[in-house]
Each structure stands twice: as C-alpha cells, then as structure tokens.
Amino acid sequence: MMAGISPWTVKAVFNGTIPSRRLFIVFANKHNLDFGTNNVARLSSTPDGNDRLHTAPKTQNKPTAKAVTISKAMRAYMEQAKAYDDKMKAEVADFEIGKRHLANIMGEDPDSFTQADVDRAIEYLLPSGLYDKKARPVMKDPYEIFPKKKAAQFGLDGRPYHWMYFTILPNYYSTLYEITWKLEALKDSEDQMRAENRLDEMEGQSFNTASSEWISLQALKTRMVENIKEKEYNHFVTLMERLVSHPLSGREQNFIMEWRVSLQAEELESAVPEVEVEEGGRMCATATGTRKSSNAIVKVYKPGSGNFIINGKDLTYFPQNLYRETLLLPLMVSDLLGKVDTEVDVELGGPTGQAGAIRLGLSRALLAFVEDDVKEKMRLSGLLTKDPRKRERKKPGQQGARRKFTWKKR
C-alpha cells in the first residue's frame, strides 16, 4: 500500500477517472519526487504485495527500419532535386550570356532578342546541310532541352501522395479514369434526354475534330512526366475517340481540347484566289503549285466542258494513268469534274514532280468555286497540303543517298 494514497485512488488515477497528472504532482511534491516534463510516473508492485509509485525518465523510441529507409529515400531525392536545380540555374545563366553575345554579333538589342531571333541567327551563323533538322545546331531555353523531373511521390511518413501510385503510371491511369467518368456522365445525360423525348436537343452538340488533332506521343510523355509506351498512347487515343464520338461530346470541349492541338498548317491559311470575269461572262481563277523542282501555273474556267490542257496537250501529256488520276482527284472531290476547263503551264522536273505541282495548283484554284464545307473536305483529303519531300542528297563516303560502296575484306 502506498503511503498517503488509497488503492481506490490509484486505480481511479490509472483508469482515467481523476486528473492523474495533478494528483501525481501533489504526491511528488509531498514525497520530494522529481516529476518534471522529462519524467513519467510509474506504478510497480513490491514482493510484499504493496504498490509503489515512483518516477522514471522517458524512454526514447528507436526509429523503425521502415522509417530509416524512408528517410534515406527522401534524403536521396532532396539531394537529386538540389543537384538538378543547381544544374538548371547554371544552364539558364549560360543561355542568357550566350544569347546576349549572339545579339551583339548580329548587331541587335540583347534585351529585345527573342527566341525567333536566336533561331534565325543560329541558322545564319552556323549553316548546316544535315538532312534531319534535329541534327542541326540549336540554341534554346534549357527547360525545353532537358527533360522535366518528377516531384517526390511520397511524404516523410512513406505514404504516397497519389491514389494510383502503385500503377507506376499514376498520372496516365488517373487521366484514363477521368475520361471514363466523363463518358459515363454523357451516357447518363443521353439516357435522360431519351427518356424525356428530347432527342432534338442532341443535334449539333457533338465535338468537331476537323481543325485539330491529338497530341503526339512525345507531347503526352512531357505532359504526364511519365515513360508512356506506344501501346499505352494508342489506348489513350482510342478512349478519347470514344468520348469524341458521343453525340453530346461538345459539352466536354474544353477537356478534349486539352489533349488536342489546333492545326496551323499552310492549308488552313490558304488564300482563295481572286475570280476574274472575262468578256463573255466566264469566270477564271489562277493559282500556282510546286512539287520538288517543278512549278505549275493553273487557270480554271467556269463554266466549262471538262477540257484539260497541259502545255498545249491534253491528259496524254502524261503517259501513265497514275499521273492522270492524280490530276483528276481535286475535280472529283470538289464535284466539278466535267464542269470546268483547265489550262496548265508547267516546267522543270519529271512527271512525278509536275503531276504533284499541277494537283496542288488546281486544288488552290478550285477554292474560288466551292463552298466552305467542300474546302474542309479538300483539306482533309490532303489536296491543299504542299508535299515537302525532295530527293535526298548524296552523302560523302557513300555511293548514293543511302547506298554504300561494296565492302571487300581484301
């Protein structure tokens, strides 16, 4: 039995029914015990059956093996992050110094020297004949050259931040879940509208994909900051196509456009040629086309009977049917076959280059006689896109552009 404290009081204290700390402090002061913040009160039994109340220092809990592993991983991540930040700061400083030197060489103001000016100066000062543009010298912001590093995926307690951390590709799979949820929401809306017989409201609410395209695999990797394979990219595009094909997909236009890029190609900016009216009231439109080294000037007359004159000859100017079909394709897509007359002056190049130049010039000239929906149809058919392909140059040390010399052992 403890002196001065009854067994009921001790049991009540350890059961929590009495403010134990205040009682222990009173008892400690009475018996000259050191009961501070660094000590704890302990109740122990003696061999004679009595209870003894005394103080003892707090024990320090040793960190577990898991905590040690997590702290090591976090420390390693912090060291890598600091090294990456220091590296990027040094690269940015070098880039700014190089840009100022480049501006001084070109005789321009360094403060207003833009990235377009840098590219133009590099092309002028360091001309390169390399066929692949990626192999040519460039000077860009370091954050565009070096890949972005992913932030820490777990906290100091070892718990991952993302709910799909253990899928290895958490950002990718969470995006797939988001697409699925949006698609299910559109299906529920469609079912509700069908049940309420409001099908007429669904017309015109689909998303138009004519002027945009899906982001590339490399762009998806950069945005997700994850190593996404081609198979996973195709699965992503397939799921997005399902969302776009829904009749109510226009409601998710902002979300869809986050994963698409607007087409800013040359065909979208193709100017419609001016229509000239001749004395007899006949309309005429003139356009030019190029392919490889060939140049063509095409004149289209409407109305017409389908005559096609190339350098004073008819379609027999091209002996092969393949080239003749190439020329007639724009007329078939625009539904003007047999309704217009065409006169062409073409020079330089071979039959492939001349046929491509005539087709591009004819397509541009026909824009003056068709509606906007037909123009979009021609653009999607690739008729307004200039073919940039050219003959690949011969490489030094090789027999041709790709062909190598025969290797002989002796």
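The values are calculated or read from the model by the stated rules, or taken from the named source; none is laboratory data. Computed from a predicted structure; not experimentally measured. Neighbour counts run over all protein chains shown; Cβ positions are idealised from the backbone, glycine included. Each accessible area value is taken on the protein alone, full model and side chains, heavy atoms only, with ligands, DNA and RNA left out. Shrake-Rupley method; radii C 1.70, N 1.55, O 1.52, S 1.80 Å.
Just a few scattered comments:
- Length gained on full extension, Asp86 to Asp387, computed as 0.36 nm times the residue gap minus the Cα-Cα distance: 103.9 nm.
- Across the stretch 320-388, Cα pairs under 8 Å and at least six residues apart give a relative contact order of 38 percent.
- Heavy-atom accessible surface of the stretch 226-321: percent carbon and sulfur, 1.4 Å: 47 percent
- Residues of the stretch 95-145: accessible area per residue with a 1.4 Å probe, Å²: 74 Å²
- Using the Cβ-Cβ distance between Asn171 and Ile105 with R0 set to 41 Å, the FRET efficiency from 1/(1 + (r/R0)^6) comes to roughly 0.45.
- The residues packed around Gly312, meaning those with a beta-carbon under 15 Å from its beta-carbon, carry a net charge of -3 if Lys and Arg are +1 and Asp and Glu are -1.
- Spacing of the two label points (7 Å from each Cα toward its C-beta) at Thr238 and His162, in nm: 2.2 nm
- Accessible area expressed per residue, the stretch 238-387, with surrounding protein chains retained (probe 1.4 Å, Å²): 52 Å²
- With K and R counted +1 and D and E -1, the other residues having a Cβ less than 12 Å from that of Thr167 yield a net charge of -2.
- By average C-beta atoms within 10 angstrom, highest first, the peptides 79-86, 114-121: 114-121, 79-86
- Linear extension gain, Leu217 paired with Arg402, 0.36 nm per residue minus alpha-carbon span: 63.8 nm
- Accessible surface of the stretch 169-221, 1.4 Å probe, proportion on carbon and sulfur as whole %: 43 percent
- In this Cβ point-charge picture (+1 for Lys and Arg, -1 for Asp and Glu), the stretch 115-253 has a dipole of about 740 debye about its Cα centre.
- Accessible-area composition of the stretch 334-410, carbon plus sulfur, in percent [1.4 Å probe]: 49 percent
- Asp191 - accessible surface, heavy atoms, 1.4 Å probe, Å² rounded to 10: 90 Å²
- Approximate spin-label separation Lys409-Thr316, in nm, with each point projected 7 Å along Cα-to-Cβ: 5.9 nm
- For Tyr301, net neighbour charge (Lys/Arg +1, Asp/Glu -1) across residues whose Cβ lies under 14 Å away: -1
- If you plug the beta carbon distance of Asn227 and Ser112 into 1/(1 + (r/R0)^6) with R0 = 45 Å, you get a FRET efficiency near 0.70.
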